[in-house]
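A.B. asks: Please find one structure pasted underneath; my questions will follow.
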Amino acid sequence: MNHWIIAPVILPALLAPFIVLVMRHDLSLQRIFSTAGTAILAAISLVLLYTAATNPPEVYFLGNWPAPFGIILVLDRLSALMIALTAVLALMVQLYAIGTGWDARGNHFHALFQFQLMGLCGAFLTGDAFNLFVFFEVLLIASYGLMIHGGGANRLKAGVQYVAYNLVGSTLFLFALATIYSVTGTLNMADLAVKVAVLPQGDAALLRVGAILLLLVFAVKGALVPLQFWLPATYSFAPGPVAALFAVMTKVGAYAVIRVFTLIFPPETAATGALFADILLPAAIMTLIVGAIGVLGATGMARLVAFAAIGSMGTLFIAVSQFTPQAMTAGLYYLLHSTLATAALFLVADLVQDRRGNDSLRVPAPVTGQHGLIAALFFGGAIAMAGMPPLSGFLGKLLVLDATRGPHMAMIWTAILVTSLITIIGFSRAGSQVFWKAHATTIRQTQPEGKPEPLAFAMVFALLLGLVVLTLMAGPFTDWLAETSAELFDRSAYIQAVFPPAQE
């Protein structure tokens with residue numbers, strides 16, 4: 001049994017209370033220990049990524065209790081990919097928060113940050129549906145604390161709205177789990193995959209109810225229309241580095257959909273069939289449209305990026321809704337791209353707001369310190385997010401378009417291409433208002449000085465560099481992701497890892 005599998009959960013779980021109990025009054029020590037912990041987590045995640053790429057799925061049995069009676073963690077290519085993405089992004093965001101001093105604007109930032117990483121890694125690794133709920137709740141608590149970090153009435157109001165929506169989702173999650181357990185007698189994902197496939201026809205209706213409730217829960221987490229209302233205010237009022245970390249939070253919802261509806265409820269399941277694909281596709285298209293319209297009508301830069309994040313989830317869910325290996329490969333590539341691009345733009349929006357005092361797109365402001373540099377960073381992030389060549393957003397959308405040839409091709413292609421144009425217009429308008437008109441209308445005003453913040457700028461550059469690498473190495477990345485998709489649709493490897501064949 002590979003004991004390193006549990007390290008991404010145990011490391012932040014131990015580090016967070018240690019920071020609170022031992023060094024809560026010493027910010028320098030908090031920064032050192034928390035950053036070191038996140039760096040170690042990133043290193044472990046990369047080792048696990050290599051392990052998952054070279055071996056079949058591996059299982060960690062907590063307490064050495066066999067499945068389905070004990071709690072298990074499962075490392076496969078998808079879970080390893082998500083943990084690596086989370087850890088690398090978290091390290092960049094944490095260094096940005098230190099570089100800008102965001103971690104000093106409230107209490108317990110680093111402890112909450114570690115608890116957040118614990119919840120994220122646990123959600124990606126767990127092989128049990130109930131423990132997925134548990135890690136969702138860890139995420140909710142930690143993310144609320146990070147959301148209101150630094151205080152402010154607007155931030156507190158948005159935080160309460162965020163908690164309210166997610167508590168409704170948590171309640172639905174419990175109802176879904178209770179319904180599924182009443183039918184199958186298990187919540188272990190591999191065990192569910194086996195039992196759902198042979199479920200009597202008389203229990204199919206109740207199982208469909210539980211599965212649809214699960215889809216609603218994951219739609220809340222993934223900001224899928226019509227359950228996306230919590231995201232714009234939450235992300236736009238959150239501290240910049242927190243919003244950047246939240247870029248991977250919506251991907252938890254997408255990950256859960258991919259995991260549950262390829263492993264437990266694939267389209268060939270007699271009890272559910274293609275029901276979830278039929279629900280996901282129109283919802284994903286509407287999510288894409290709402291995101292693009294929000295980008296066009298946004299009044300602030302952070303809100304602009306928040307709606308762009310919604311639109312990116314629409315594109316991702318369009319790919320996922322096809323439930324084919326090719327489309328899943330395209331979706332996973334776009335997932336990597338959109339996470340990095342969204343995080344980079346949230347950090348750019350934070351740099352703008354810190355220098356201007358606001359991020360309004362309505363009122364021109366004086367030229368600020370590092371004006372040209374920030375404009376260049378925004379330009380790079382906007383190109384990537386809108387899906388323009390040559391960056392990975394363009395390649396990601398091409399992959400999605402190519403993978404969706406079929407009965408719904410005209411509708412999908414029209415939605416993606418038209419919303420891409422709208423998004424380009426929205427980002428062009430924002431860039432013109434914030435950067436160009438600042439020169440045109442306030443050139444004679446006193447130019448405010450901006451803090452150099454080299455560490456913060458380096459982290460934004462690092463995220464954009466990640467997009468460049470994703471573009472230049474698109475071939476090897478898509479080959480690796482194609483193998484990940486093949487593993488997802490070959491459920492036998494996952495099931496056999498959890499329930500190894502008896503030795504004769």
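The values are calculated or read from the model by the stated rules, or taken from the named source; none is laboratory data. Quick caveat: nothing in here was measured; it's all calculated off a predicted structure. Neighbour counts are summed over all protein chains in view; Cβ atoms, including those assigned to glycine, are modelled from backbone coordinates with ideal geometry. Note: accessible area is taken over every heavy atom of the protein model, side chains too, but ligands, DNA and RNA are not part of it. Shrake-Rupley method; radii C 1.70, N 1.55, O 1.52, S 1.80 Å.
A.B. asks: Assigned to a helix (DSSP H, G or I) and at pLDDT 90 or above: which single residue out of T186, T179 fits that description?
C.D. replies: Answer to the check: T179.
A.B. asks: Just checking, how many residues over the stretch 276-293 are open to solvent by 10 Å² or more (accessible area, probe 1.4 Å) and in contact with a Leu (Cβ under 9 Å, 6 or more places away or on another chain)?
C.D. replies: Residues flagged as open to solvent by 10 Å² or more (accessible area, probe 1.4 Å) and in contact with a Leu (Cβ under 9 Å, 6 or more places away or on another chain) within the stretch 276-293 amount to 3.
A.B. asks: Among the residues of the stretch 260-275 satisfying the criterion of being without any contact (Cβ under 8 Å) to a residue 60 or more places away in the chain and over 18 Å from F317 (Cβ atoms), which is most open to solvent (accessible area, probe 1.4 Å)?
C.D. replies: Out of the qualifying residues, it is E268.
A.B. asks: Please state which one of V248, V257 is closer than 28 Å to V348 by Cα and open to solvent by less than 10 Å² (accessible area, probe 1.4 Å).
C.D. replies: V248
A.B. asks: Of the residues A302, A283, A292, only one is closer than 24 Å to V163 by Cβ, modelled with pLDDT of 90 or more and in contact with a helix residue (DSSP H, G or I) (Cβ under 6 Å, 6 or more places away or on another chain); which?
C.D. replies: Just one listed residue meets the conditions, A302.
A.B. asks: Output the residue which, of all residues in the stretch 385-421 that are charged (D, E, K, R) and surrounded by fewer than 14 Cβ atoms within 10 Å (Cβ to Cβ), is farthest from the chain's Cα centre (by Cα).
C.D. replies: Once the filter is applied, the top-ranked residue is R405.
A.B. asks: Do you know which residues across the stretch 1-37 are open to solvent by 70 Å² or more (accessible area, probe 1.4 Å), closer than 30 Å to A497 by Cβ and at pLDDT below 95?
C.D. replies: Of everything in the stretch 1-37, those that are open to solvent by 70 Å² or more (accessible area, probe 1.4 Å), closer than 30 Å to A497 by Cβ and at pLDDT below 95 turn out to be M1, H3, W4.
A.B. asks: Looking at the stretch 83-96, is at least one residue out of contact with any helix residue (DSSP H, G or I) (no Cβ under 7 Å at 6 or more places or on another chain) and not small (G, A, S)?
C.D. replies: Checked against the condition, which is being out of contact with any helix residue (DSSP H, G or I) (no Cβ under 7 Å at 6 or more places or on another chain) and not small (G, A, S), the stretch 83-96 yields no hits at all.
A.B. asks: Determine whether S45 is in a helix (DSSP H, G or I), in contact with a His (Cβ under 9 Å, 6 or more places away or on another chain), surrounded by 14 or more Cβ atoms within 10 Å (Cβ to Cβ) and polar (S, T, N, Q).
C.D. replies: No.
For every residue, the table says whether it meets (1) touching a Pro at 6+ places or on another chain (Cβ under 8 Å); (2) open to solvent by less than 20 Å² (accessible area, probe 1.4 Å); (3) over 14 Å from A308 (Cα atoms).
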site	(1), (2), (3)
V194	no, no, yes
L199	no, no, yes
A204	no, yes, yes
L207	no, yes, yes
F218	no, yes, yes
L224	no, yes, no
W230	no, yes, yes
F237	no, no, yes
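A.B. asks: Against the condition assigned to a helix (DSSP H, G or I), open to solvent by 30 Å² or more (accessible area, probe 1.4 Å), without any contact (Cβ under 8 Å) to a residue 40 or more places away in the chain and at negative phi, how does L167 come out, does it pass?
C.D. replies: So L167 fits the description; yes.
Listed here are the residues, each with its yes/no results for (1) touching a residue at least 12 places away in the same chain (Cβ under 8 Å); (2) among the aliphatic types (A, V, I, L, M).
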| residue | (1), (2) |
| --- | --- |
| A7 | yes, yes |
| A13 | yes, yes |
| L21 | no, yes |
| A36 | no, yes |
| S45 | yes, no |
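Residues checked against (1) surrounded by fewer than 22 Cβ atoms within 10 Å (Cβ to Cβ); (2) of a type in the set (D, E); (3) touching a strand residue (DSSP E or B) at 6+ places or on another chain (Cβ under 7 Å):
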site	(1), (2), (3)
S312	no, no, no
Y333	no, no, no
A343	no, no, no
D354	yes, yes, no
P366	yes, no, no
H371	yes, no, no
I383	yes, no, no
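A.B. asks: Among the helices (runs of 4 or more DSSP H) confined wholly to the stretch 387-453, which include 2 or more residues that are more than 24 Å from G297 (Cα to Cα) and modelled with pLDDT of 95 or more?
C.D. replies: 392-403
A.B. asks: Oh, and also: Being open to solvent by 40 Å² or more (accessible area, probe 1.4 Å) and in contact (Cβ under 8 Å) with a residue 12 or more places away in the chain is the filter here; which residues of the stretch 65-80 pass it?
C.D. replies: Within the stretch 65-80, P68, I71 meet the criteria.
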